[in-house]
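Below is one structure, written out as structure tokens; the observations come after it.
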Amino acid sequence: MLYAECLSVSADNHLMIGSHDAVALAKEYGTPLYVLDEDQMRRNCREYRQTLADCYAGESMALFASKALCTLHTARVAAEEGLGADAVSGGEVYTLLKAGFPMEKVFFHGNCKTPEEIALAMDAGVGFFVVDNREELDRVNAIAGEKGVVQKILFRVKPGVDCHTHEYIKTGQIDSKFGVALETGEALEIHRRAAGLPNVRVEGVHCHIGSQIFEIEPFCEAIHRMMALMAELRDSLGMRTRILNLGGGFGIRYDAKDDPPLLADYIRRVADTVKSEAERLALPLPCLMFEPGRAIVGNAGVTLYTVGSVKTIPGIRTYVAVDGGMADNPRYILYGAKHPALIADRAGDAPEGSVTIAGKCCESGDLIAEDVPLPRAKAGDILAVLVTGAYHYSMASNYNRLPRPAMVALRGNEKKVIVRRETYDDLISHDVP
Ligand SMILES: *Cc1c(COP(=O)(O)O)cnc(C)c1O
């Protein structure tokens, strides 16, 4: 099982990504190389949209969380597939704008938006601001006033739901830097304040409880609490909220042991919970939104490297060193994240033991993966790390002055460089001589 429909092994034992030979791609474009199977990304977009439409009777929309993979090309793909988008910075808003994205379908997040970012997003016609805190609310109201517009907003609410995922990607609990808390009354208070401001209009509520979540229960719990808030806003402030945006966080498979729920099961449970809560609270069915990032691009990405050396430390471990590392994949050093890997030249061979894949950066912690079962590797092999579409390129850095890799998108028999490889001149281009 190769983690995504787009992956297979050819008759000559090479890894295939869609209809493209991974070894040939590495030869043609050089390594490290990010490969995006655009057909897989499109299938993931359609599955989200279709499942929502099939399972939920009310209006719904899936928004692509740009931060997972933000490029002009991926923004256009998401738009073509009918998704909205979320953006968390001026840079992401700018990318969507330049991609020709329908800006009225953009939700602008972030816990510390600057006045410049707020103005940029309003000028770009961003549909919705997801407001994080009181100072920001006042700032958005003031800037909207100067521009003579009424900005549609939602508040980022911490529903107080815990989920089992890495500490760094949990965001629904009270001790989080994001949003306003439900249980302290902070959420109700900020809505009351917004109701008295002339240049903002509250359109709904938003929460995002974390990322890479495999359980459905925390989402259902969040729905109970968020819809209770919608009812409270109606009852105590006379405020009608139309949108229930539940954020992203749907988990995907990175490891043979990972067992995420089927998307259809997850959406169905969520849709049923929303429906029964709406009936119980006498609320109209809200417009239901999700913001998947990882689930849209994660399994559509593969990173190709060239093996530089293989170092066996007897009785301890074998290091397979590759020509990239934490600069193009910081997920191991950040979260201890797991990724499957294989040798693209001998993709179907049985493993001959487990190895540690090391990067080339000057940090002992610069690993790509530990305890990966692999056939015997040798210098010159093409090593493929799978499920790298989300939070790789978008988190990449130039640490050790490594140029960021190119990204090539595959669609049917076509292939296209969508991000060109950085050059050494790119690296010094901002240094003042
Ligand atoms: C990160 C994030 C997402 C996307 O999360 P995934 O786990 O990639 O689905 C969606 N919404 C918000 C507000 C986020 O911060």
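The values are calculated or read from the model by the stated rules, or taken from the named source; none is laboratory data. Everything numeric in this text was worked out from a predicted model, so none of it was measured. Note: ideal-geometry Cβ built from the backbone for every residue, glycine included; neighbour counts use all protein chains shown. In case anyone asks, the SASA skips ligands and DNA or RNA and just uses the protein heavy atoms, side chains included. Shrake-Rupley method; radii C 1.70, N 1.55, O 1.52, S 1.80 Å.
Structure summary
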quantity	calculated
Search result, residues across region 232-257 that are away from the ligand (no atom under 14 Å from the Cβ) and more than 16 Å from residue 287 (Cβ to Cβ)	232, 235, 236, 237, 238, 255, 256, 257
Any hit, region 180-198, residues being open to solvent by less than 60 Å² (accessible area, probe 1.4 Å), touching a residue at least 24 places away in the same chain (Cβ under 8 Å) and part of a loop (DSSP other than H, G, I, E, B)	yes
Per-region count, region 391-416, residues under 23 Å from the mean Cα position of the chain (by Cα) and surrounded by fewer than 14 Cβ atoms within 10 Å (Cβ to Cβ)	3
Selected residue (criterion: farthest from residue 344 (Cα to Cα)) from residues of region 373-390 that are in a strand (DSSP E or B) and open to solvent by 10 Å² or more (accessible area, probe 1.4 Å)	373
Residue match in region 136-143 (condition: more than 24 Å from residue 285 (Cβ to Cβ), outside any loop (DSSP other than H, G, I, E, B) and touching a Leu at 6+ places or on another chain (Cβ under 6 Å))	yes
Tally, over region 89-115, of residues that are open to solvent by 50 Å² or more (accessible area, probe 1.4 Å), in a helix (DSSP H, G or I) and either of a type in the set (Asp, Glu) or within 20 Å of residue 135 (Cβ to Cβ) (or both)	2
Subset of region 108-154 [among the hydrophobic types (A, V, I, L, M, F, W, C) and under 21 Å from the mean Cα position of the chain (by Cα)]	108, 112, 121, 126, 128, 129, 130, 131, 154
Test: residue in region 269-291 that is within 16 Å of the ligand (Cβ to nearest atom) and among the acidic types (Asp, Glu)	yes
Single residue of 25, 36 found to be in contact (Cβ under 8 Å) with a residue 60 or more places away in the chain, outside any helix (DSSP H, G or I) and either in the same structural domain as residue 417 (by TED's automatic domain parsing) or surrounded by 21 or more Cβ atoms within 10 Å (Cβ to Cβ) (or both)	36
Count of region 275-313 residues which are assigned to a loop (DSSP other than H, G, I, E, B), open to solvent by 20 Å² or more (accessible area, probe 1.4 Å) and either at pLDDT below 95 or among the small types (Gly, Ala, Ser) (or both)	1
All positions within region 351-372 that are assigned to a loop (DSSP other than H, G, I, E, B) and open to solvent by 70 Å² or more (accessible area, probe 1.4 Å)	351, 352, 360, 362, 363, 364
When residues of region 417-433 are limited to those that are part of a helix (DSSP H, G or I) and aliphatic (A, V, I, L, M), the one nearest to the chain's Cα centre (by Cα)	427
Test set (1) within 16 Å of the chain's Cα centre (by Cα); (2) within 16 Å of the ligand (Cβ to nearest atom); (3) of a type in the set (A, V, I, L, M) - residue 52 fails condition number	(1)
Matching residues in region 314-349 - criterion: being open to solvent by 50 Å² or more (accessible area, probe 1.4 Å) and farther than 16 Å from residue 7 by Cβ	314, 315, 316, 317, 319, 333, 334, 335, 338
Output for region 62-105, where each listed residue is away from the ligand (no atom under 15 Å from the Cβ), within 17 Å of residue 154 (Cα to Cα) and of a type outside the set (D, E, K, R)	103
Single residue of region 146-202 satisfying the filter (aromatic (Phe, Trp, Tyr) and within 23 Å of residue 118 (Cβ to Cβ)) that is modelled with the highest pLDDT	155
